[in-house]
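The values are calculated or read from the model by the stated rules, or taken from the named source; none is laboratory data. Fair warning: this is a prediction, and the values are worked out from it, not measured in the lab. Every residue, glycine as well, gets a Cβ built from its backbone with ideal geometry; the counts of neighbours run over all protein chains shown.
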């Protein structure tokens, strides 16, 4: 799948992701623990993942957590922010908690 097709697919997924919350939990300041938590609707394919929230906020998600099993689900991701391969900021998920199915 080429880069243009992936970009179109991700844009389509963002529009169809529905209204769910994307919240960054404030358990510990990122500069202290380096770890953050995001909550929202996870969508993607072929290693290209996005988490989207109520207000339309979204973030690119990468990582070792089993994201494929949670495609189309409301999740809480735990991980760290870092620069992606494309040079953008991405959230690298280390753990995923299933919270339910995304509403359309």
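Looking only at the range 70-84, which residues are farther than 14 Å from residue 35 by Cα and in contact (Cβ under 8 Å) with a residue 12 or more places away in the chain?
Restricting attention to the range 70-84, the residues satisfying the condition of being farther than 14 Å from residue 35 by Cα are 70-75, 83-84.
Hits for the range 70-84 are 70, 71, 72, 73, 74, 75, 84.
Could you list all residues from the range 58-72 that are part of a loop (DSSP other than H, G, I, E, B) and either modelled with pLDDT of 90 or more or surrounded by 15 or more Cβ atoms within 10 Å (Cβ to Cβ) (or both)? Show your work before the answer.
Taking the range 58-72 first, the residues part of a loop (DSSP other than H, G, I, E, B) are 64-67, 71-72.
Once the filter is applied, which keeps residues that are part of a loop (DSSP other than H, G, I, E, B) and either modelled with pLDDT of 90 or more or surrounded by 15 or more Cβ atoms within 10 Å (Cβ to Cβ) (or both), the range 58-72 yields 65, 67, 71, 72.
Taking residue 37 as the residue in question, decide whether it is modelled with pLDDT of 90 or more and within 10 Å of the chain's Cα centre (by Cα). No: the conditions fail for residue 37. Of the residues in the range 86-97, at least one is outside any strand (DSSP E or B) and within 20 Å of residue 34 (Cβ to Cβ). Checked against (1) modelled with pLDDT under 90; (2) surrounded by fewer than 11 Cβ atoms within 10 Å (Cβ to Cβ), residue 100 meets all criteria but (1).
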